[in-house]
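Quick notes on the structure that follows.
Where a number appears in this text, it was derived from the coordinates with a stated rule and is not lab data. Worth saying up front: this structure is predicted, and the values here are computed from it rather than measured. Ideal geometry is used to build each Cβ from the backbone, glycine not excepted, and the neighbour counts take in all protein chains shown.
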Amino acid sequence: MNMKFEIIENNGLELIGIVKKIEMRKGAEECPAFWKEFSEQLCIPMMQAGKPLNDLQAAVAENSIGEYALCDCDMAAGTFDYLISGSYRGGNVPEGMEVRKVEYKRWLKFHFEGGMAAFHKNYTSVYDEWLPQHPEYKPVMAVNVEWYTMGDINSPDYKCGVMIPVE
């Protein structure tokens, strides 16, 4: 399987966003529904007004919330925290949001093209095919960070992906 990826190193991530606890078996339905709710309640009204209308929208704008989604799994409970997030740049953390530090410093960053349909297919392929074929990488299986770009998520040119911490 040919998958575009790179190794990146950083000082970890500090993310701010809105979190929802999701059962692993319901992730394929609940994550897109959470994104829809995020968009309808925060992004669309802010875009229509041309400016943030409240503290939550201001935090979305100031921290590019929506650029990432942190998946932090509790394997024993069969759930994960899904944090629609952006890089925390300091400042106000409004009620309903939280800041999380992700201490991992070395990541496999996978690049996907082809809209969200390709994202779902490639995401599954990374875990089911690519990682088992590349034992030289030791992934931290309980955490990953989805990354997104601005644009039409249904476009065949849309770019997004997933970052998986490795030991």
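Brief remarks follow.
- Just one of the listed residues (I84, I22) is more than 17 Å from M150 (Cβ to Cβ), outside any helix (DSSP H, G or I) and aliphatic (A, V, I, L, M), namely I22.
- Of the residues making up region 87-110, those that are farther than 25 Å from K138 by Cα and either charged (D, E, K, R) or part of a loop (DSSP other than H, G, I, E, B) (or both) are Y88, R89, G90, G91, N92, V93, P94, E95, G96, M97, E98.
- Every residue from region 153-167 that is among the β-branched types (V, I, T) and either part of a loop (DSSP other than H, G, I, E, B) or surrounded by fewer than 14 Cβ atoms within 10 Å (Cβ to Cβ) (or both): I153
- Residues of region 121-152 satisfying the condition of being of a type in the set (D, E) and either under 17 Å from the mean Cα position of the chain (by Cα) or not in a loop (DSSP other than H, G, I, E, B) (or both): D128, E129, E146, D152
- If you go through region 137-152 and pick out every residue that is of a type in the set (S, T, N, Q), buried (at least 17 other Cβ atoms within 10 Å of the Cβ) and closer than 16 Å to I65 by Cβ, you end up with 0.
- Restricted to region 71-113, and to residues there that are touching a strand residue (DSSP E or B) at 6+ places or on another chain (Cβ under 9 Å) and acidic (D, E), the residue that is farthest from K36 (Cα to Cα) is E103.
- Residues in region 114-140 that are β-branched (V, I, T) and touching a strand residue (DSSP E or B) at 6+ places or on another chain (Cβ under 6 Å): 2 in all.
- Hits in region 124-142 - residues which are free of Cβ contacts under 8 Å to residues at least 24 places away in the same chain and either polar (S, T, N, Q) or in contact with a Ser or Thr (Cβ under 6 Å, 6 or more places away or on another chain) (or both): T124
- Restricting region 7-27 to residues that are surrounded by 12 or more Cβ atoms within 10 Å (Cβ to Cβ) and of a type in the set (A, V, I, L, M) leaves a set whose member that is nearest to N92 (Cα to Cα) is I16.
- Among the residues making up region 62-81, those that are among the hydroxyl-bearing types (S, T, Y) and either crowded, with 19+ Cβ neighbours inside 10 Å or part of a loop (DSSP other than H, G, I, E, B) (or both) are S64, Y68.
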